[in-house]
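Since the structure comes first, as structure tokens, the remarks are kept for the end.
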Amino acid sequence: MLALGRAWETALSGDNTFGCWGGKLMISFLFVKVTHSPEGMETLRYFLFDVCGVNAGWKMEDVMDEEIEVINNTVAPDDHVICALSGGVDSTVAATLVHKAIGDRLHCVFVDNGLLRYKERERVMETFERDLHLPVTCVDASEQFLSKLKGVVDPEMKRKIIGKEFICIFDAFAHELEQKLGKKPAFLVQGTLYPDVIESCPPPGSGRTHSHTIKSHHNVGGLPKDMKLKLIEPLKLLFKDEVRQLGRILKVPEPFLKRHPFPGPGLAVRVLGDVTEGNALDIVRQVDEIFIQSIKDAGIYDSIWQAFAVFLPVKSVGVQGDQRTHSYVVTLRAVTSQDGMTADWVEEEFGAWGEVVEGEIYNTAPDDSSVLSPTPATLLNGSPPCPNQGTVLKTVSLKKFLKRFVTMFEV
């Protein structure tokens with residue numbers, strides 16, 4: 001609320017509430033967050049069902065049936081469709097849904113952009129072929145992507161470049177299919193979610209004509225205006241937890257559905273700075289693999305929304321054995337969330353397990369790794385307001401540093 005109109009007066013106000021009255025009319029405003037406001041879910045539930053009388057008959061099966069109908073009405077019987085598979089939950093569920101609607105007229109392509117996680121290409125292709133039985137073509141475009149990203153440090157620019165290169169590859173793949181099928185595919189399927197749309201641009205009908213872009217998503221903000229393929233985005237009004245529900249209905253394997261979210265631009269946004277400089281990608285890739293595997297071994301992977309490593313383009317002094325080191329810093333981060341819109345710290349006490357992770361990275365990460373051991377008052381850690389954003393540095397005590405499960409290493 002910026003200003004009141006004439007004849008209106010403030011009745012009450014607070015950090016998250018506002019009320020005003022004028023004559024016989026009264027307006028109240030309450031900003032409720034589902035998970036971060038006290039009784040947030042119950043407040044919204046009361047407003048929707050008790051005050052507004054909304055019917056709670058909505059089911060995910062209905063969403064599936066409606067989207068299949070939309071796809072069949074959009075795609076002509078002789079049209080062919082390309083699906084951009086990233087190996088994540090979103091694009092996989094989208095591909096499975098479209099495949100259910102149009103069958104073999106769907107042609108999936110998985111692009112190795114050189115920004116994937118450790119052995120991601122091999123693992124993903126095996127899953128597609130063995131478990132999902134999707135027809136997938138793998139394109140190795142790592143050199144193409146990395147050459148375009150050379151010298152780029154701004155994360156927004158990285159996202160735009162990556163989105164543009166993806167579309168170029170999909171367009172080329174469409175030309176190859178045209179030669180094979182005698183008809184060029186007309187549509188491109190993407191696993192765009194509602195949070196992607198919200199963060200990249202105001203959602204339709206929101207009235208947010210002056211909203212700020214939080215961050216561009218390569219499948220939203222990076223699409224060129226002259227793209228020759230028309231988009232099919234069957235998940236664009238769903239949140240991550242809803243996509244997982246839909247995936248279960250579509251019989252996507254549960255371990256695959258429980259994978260942690262991975263950003264579309266990949267490790268490009270988990271390496272702060274130039275991704276082509278030195279061996280930053282190799283470092284963050286190996287540290288991330290050790291981190292995730294340790295979480296799985298500890299049996300806590302499914303209780304964490306997202307855990308990952310971030311490479312910082314800064315160096316710090318440490319000690320390895322009896323020798324001084326001056327090496328790059330990698331920070332580990334773990335957050336909890338329900339819908340991917342807001343996140344909080346993983347608050348569990350990990351105790352000795354955290355030391356095991358440190359030791360594993362110390363022994364196996366590249367470049368003669370060593371654990372950073374400054375005084376407790378100067379420890380730095382990543383402080384994520386929400387997943388996939390840049391690292392925020394701050395000072396914490398050693399106890400809080402360990403409790404919040406954010407560990408810093410020299411690599």
Worksheet item: Amide H to amide H, which residues 5 or more places from Val329 or on other chains are under 5 Å from it, using H placed in the peptide plane?
Response: Leu312, Val314, Val411
Worksheet item: What is the stretch 60-257 by shape, rounded, prolate or oblate, if you read a ≥ b ≥ c off the alpha carbon gyration tensor as root eigenvalues and call it rounded for a/c under 1.5, prolate for a/b larger than b/c, and oblate otherwise?
Response: rounded
Worksheet item: Tell me, what HN-Hα J-couplings in whole Hz come from the Karplus equation 6.51 cos²θ - 1.76 cosθ + 1.60 at θ = phi - 60° for each residue of the stretch 147-156, using x for Gly and Pro?
Response: 5, 6, 8, 4, x, 8, 10, 6, x, 5
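My understanding is that a pair violates if its Cα-Cα distance is over 32 Å; which of Lys59/Lys160; Lys100/Lys148; Lys184/Lys258; Lys148/Lys236; Lys119/Lys183 do that in this structure?
Lys59/Lys160; Lys100/Lys148; Lys184/Lys258; Lys119/Lys183
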Item to complete: Could you please rank Tyr328, Tyr118, placing first whichever residue has the fewest other Cβ atoms within 10 Å of its Cβ?
Response: Tyr118, Tyr328
Worksheet item: Over the stretch 27-186, what relative contact order in percent results from Cα pairs under 8 Å that are six or more residues apart?
Response: 18 percent
Worksheet, complete the sentence: Interchain or sequence-distant (5+) residues whose placed amide H lies within less than 5 Å of the amide H of Ser86 are Ser91, Thr92
Fill in: From phi via Karplus (6.51, -1.76, 1.60), per-residue ³J(HN,Hα) for the stretch 256-261 in Hz, x at Gly/Pro
5, 5, 8, 4, 5, x
Worksheet item: Residues with amide H under 5 Å of Leu231's amide H, sequence separation 5 or more or different chain, H placed in the peptide plane at 1.01 Å from N; which?
Response: Leu188
Worksheet item: When the Karplus curve 6.51 cos²θ - 1.76 cosθ + 1.60 is applied with θ = phi - 60°, which whole-Hz ³J(HN,Hα) does each residue of the stretch 57-70 get, with x for Gly and Pro?
Response: x, 5, 9, 5, 4, 5, 4, 4, 5, 5, 5, 4, 5, 4
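Every number here is computed from the coordinates shown, using simple stated rules; none is lab data. Quantities reported herein were computed from a predicted structural model and do not represent experimental measurements. Counting neighbours? That spans all protein chains shown, and the Cβs are built from the backbone with ideal geometry, glycine included.
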